[in-house]
1. Output yes when any residue across the stretch 67-75 is part of a loop (DSSP other than H, G, I, E, B) and within 23 Å of the chain's Cα centre (by Cα), and no when none is.
2. Scan the stretch 78-96 residue by residue and report those that are in contact (Cβ under 8 Å) with a residue 24 or more places away in the chain and either more than 28 Å from the chain's Cα centre (by Cα) or at positive phi (or both).
3. Name the single residue, out of those in the stretch 58-69 being surrounded by 12 or more Cβ atoms within 10 Å (Cβ to Cβ) and in contact (Cβ under 8 Å) with a residue 24 or more places away in the chain, that is nearest to residue 90 (Cα to Cα).
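Only the coordinates and a few stated rules stand behind these numbers; no lab work does. Fair warning: this is a prediction, and the values are worked out from it, not measured in the lab. Glycine also receives a Cβ, built like all others from the backbone with ideal geometry; neighbour counts cover every protein chain displayed.
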């Protein structure tokens, strides 16, 4: 038996409904999916054709509370030079520097950056430093 991609399997189900005239409920039982899912496949096929049946990414298009690259670089620089400064101190210092950024880091985001989770070698939790 030949391996079929997910889009091809969905296409076969859509063809069974459109081409063979079978009911959506019958096709849904055959493919072991919910009837609403089969209807969704039909709608995607009508809108986008075969490309509409392919899996799409679930990644959001934007993250409005994410810091800009400029602000993250500033926070990383401050954290590397002043290792024991807490989030409030970092925000205060970045405000005083007047770096020209409009989006300042908030204390909730400036204490931890994306690379910290991966580089933590101690594995010991400690209370946050408060300035």
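1. yes
2. Taking the stretch 78-96 first, the residues in contact (Cβ under 8 Å) with a residue 24 or more places away in the chain are 79, 84-89, 92.
Result: 84, 85, 89, 92.
3. My answer is 67.
Listed here are the residues, each with its yes/no results for (1) out of contact with any strand residue (DSSP E or B) (no Cβ under 6 Å at 6 or more places or on another chain); (2) under 18 Å from residue 55 (Cβ atoms); (3) surrounded by 12 or more Cβ atoms within 10 Å (Cβ to Cβ).
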position: 6; (1), (2), (3): yes, yes, no
position: 10; (1), (2), (3): yes, yes, yes
position: 14; (1), (2), (3): yes, yes, yes
position: 23; (1), (2), (3): yes, no, yes
position: 28; (1), (2), (3): yes, no, yes
position: 35; (1), (2), (3): yes, no, yes
position: 40; (1), (2), (3): yes, yes, yes
